[in-house]
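Presented below is the structure to which this report refers.
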There are 2 protein chains.
Amino acid sequence: MQILKIVKIGGNIIDNDQALNSFLKQFSKLQGPKLLVHGGGKLATNLAQKMGVKVQIIDGRRVTDSDTLEIAVMVYAGKINKTIVAQLQANQCNAIGCSGADGNTIISEKRPIKPTNFGFVGDIVKVNTVVLELLISNNITPVFCAITHDEKGQLLNTNADTIASELAIAFAKTYQTELYYCFEKNGVLKNINDECSVIKNINTTNVHQLIQDKVIAEGMLPKIKNCMQAIQQNVNKVCIGKPEMLFRPDANFTSITK
Amino acid sequence: MQILKIVKIGGNIIDNDQALNSFLKQFSKLQGPKLLVHGGGKLATNLAQKMGVKVQIIDGRRVTDSDTLEIAVMVYAGKINKTIVAQLQANQCNAIGCSGADGNTIISEKRPIKPTNFGFVGDIVKVNTVVLELLISNNITPVFCAITHDEKGQLLNTNADTIASELAIAFAKTYQTELYYCFEKNGVLKNINDECSVIKNINTTNVHQLIQDKVIAEGMLPKIKNCMQAIQQNVNKVCIGKPEMLFRPDANFTSITK
């Protein structure tokens, strides 16, 4: 089985032109089948402000009303996705930008409005790898934004970390799949202020203690949940760290294992 | 040789949710290989207004400064393209949205700044059909927005009519290609106020007289130029009219021939 690398990048890279440029240069050089998933960054918030669209927050989470969805589609599937694709092409990496609607690749359902109505947020129900396998086997790199659809014509805002893990799980049937979550730190840190305190390994044995001790907390909680689900559903390798973990053999990172 | 239908739709369909919905329902049912190209409509102008971006016009043509390009990418490649793709999926038409950067399909160069600097406008220099043929031969319908790239990382705003004709010309090597320009009238009209005055046929013999008589004028001039180029470069059929020409055998339209 061939190795497929699925790489997720977030706001810290997307919001910084130079960081994005440098990442994409290196990503282009990665050998073998690969797939990129990108989050949103601050651009959507900035555009909402310019357009006078108010950001509504419930329980610390953003509500996707119809105006916010429109902005998400424009920024994620338009601006960010096409900027990344054009830069990859400039680096001789033949990329195609995708939302979950393209090729009917990621089908989600609108989250129930009870107990909380988060609006046009989609929870993934199915990943179709047929079209993506066709692309990948022809040396084309799919680049996913965090927009999915419900097969009834509705676009939905979907968490980019979850898109990455669900893609990795779906591809685990046909590829040896590796999932890399790139973010601003060297990995999951014991002490959030000490970049040298990387936890080398998180697994089913130590994860509960780390959560109980609040080492894994806030935004890291759902990320680790995505990682654990991937590793338990036959994804071969799951890592969290700086993008360097992909390009430098001596880089630090957190590896998630069973 | 198989027939490939290339259909271009413009603002009159895109700006009207019901018209778009109804068009896409019928387009989904079209048998055989097909490809859709869409223009922009009023959405980009509306967004520019909301964002306080001024539209600059020189010689009756819009200048694409960097803010305008950003809006074009968000609206054309984001909002409109993904809305169309999601609706096609809802109608069981497996579509993939594309800019010219995706799959490195349409390469353009920034228009020279002299005599007039129109900004980030791209003139097409090459169409790569390899990836598109892969998609089409797998029953996938590419949906193109009017954004191309220069292979150096720069996205460029490109005329959607020209994208449609250049795609048709490029595909004429491998398919029997038919090019349909859908717009708000029954075809090219002798008398602009009389929908029954459709000119059935425009060809190299009568085109100059029609231009001289100002029957073909303003926005219709570049459209006819695109049509003539296509028909002279082995596109099998070129038609202008309402979308009905695709779906009803008794519909009126203008056909362009050699």
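Laboratory data are not the source of any read-out in this text; all were calculated from the coordinates shown. Only a predicted model underlies this, so the values are computations on that prediction, with no experimental measurement involved. When we count neighbours, we look across all protein chains shown, and the Cβ atoms used for this are built from the backbone with ideal geometry, even at glycine.
Treating only the Cβ of Lys, Arg, Asp and Glu as charged (+1, +1, -1, -1), what charge dipole size does chain B show about its Cα centre? Round to the nearest 20 debye.
Here the size comes out at about 220 debye.
Other residues whose C-beta falls under 11 angstrom from the C-beta of A:Asn81 contribute a net charge of +1, scoring Lys and Arg +1 and Asp and Glu -1. Suppose R0 equals 41 Å. What FRET efficiency, 1/(1 + (r/R0)^6) with r the Cβ-Cβ distance, do A:Asn46 and A:Thr174 give to the nearest 0.05? Efficiency at R0 = 41 Å is approximately 0.55.
Using a Förster distance of 25 angstrom, determine the FRET efficiency expected from the C-beta separation of A:Leu221 and A:Lys258, and round it to 0.05. It would help to have the intermediate numbers written out before the result.
Details: r = 19 Å, r/R0 = 0.77.
That pair, A:Leu221 with A:Lys258, gives E of 0.85.
Counted by Cβ distance under 14 Å from B:Ala164, the other residues give a net charge of +3, where Lys and Arg count +1 and Asp and Glu count -1. Of the options A:Gly40, A:Ile216, A:Gly97, report the single residue whose Cα projects farthest towards the positive end of the charge dipole of the stretch A:3-256 (beta-carbon charges: Lys, Arg +1; Asp, Glu -1). The one lying farthest along the dipole's positive direction is A:Ile216. For the protein assembly as shown, the antiparallel share of DSSP beta bridges with both residues in that region comes to about 35%. Proximity of backbone amide H atoms, modeled 1.01 Å from N, is registered between B:Glu151 and B:Ser108 at under 5 Å, excluding neighbours fewer than 5 places apart on the same chain. Label sites at B:Ser137 and A:Leu30, each approximated as a point 7 angstrom past Cα along Cα to Cβ, lie 2.8 nm apart. Among A:Glu166, B:Glu218, A:Glu195, the ranking by other beta carbons within 10 Å of each residue's beta carbon, starting with the fewest, stands as B:Glu218, A:Glu195, A:Glu166.
Peptide B:67-76 is shielded by partner chain Cβ atoms: per residue, an average of 4 of them sit within 10 Å of its Cβ. Extending 7 Å from Cα along the Cβ direction at B:Asp213 and again at B:Val55 yields two label points whose distance is 3.2 nm.
Give the Kirkwood hydrodynamic radius (Å, one decimal) of the protein assembly as shown, defined as one over the mean of 1/r across all pairs of different Cα atoms. Result for the protein assembly as shown stands at 24.0 Å. Take each residue in A:98-110, count the other chain C-beta atoms within 10 Å of its C-beta, and the mean is 5. Among the listed pairs A:Lys5/A:Lys50; A:Lys82/A:Lys214; B:Lys185/B:Lys237, which are separated by more than 29 Å between their Cα atoms? Checking Cα-Cα distances, A:Lys5/A:Lys50; A:Lys82/A:Lys214 exceed 29 Å.
Computed over the stretch B:179-258, relative contact order equals 46 percent, with contacts defined as Cα pairs under 8 Å that lie 6+ residues apart.
Counting Cβ atoms of other protein chains within 10 Å of each Cβ in B:149-156 and taking the mean gives 5.
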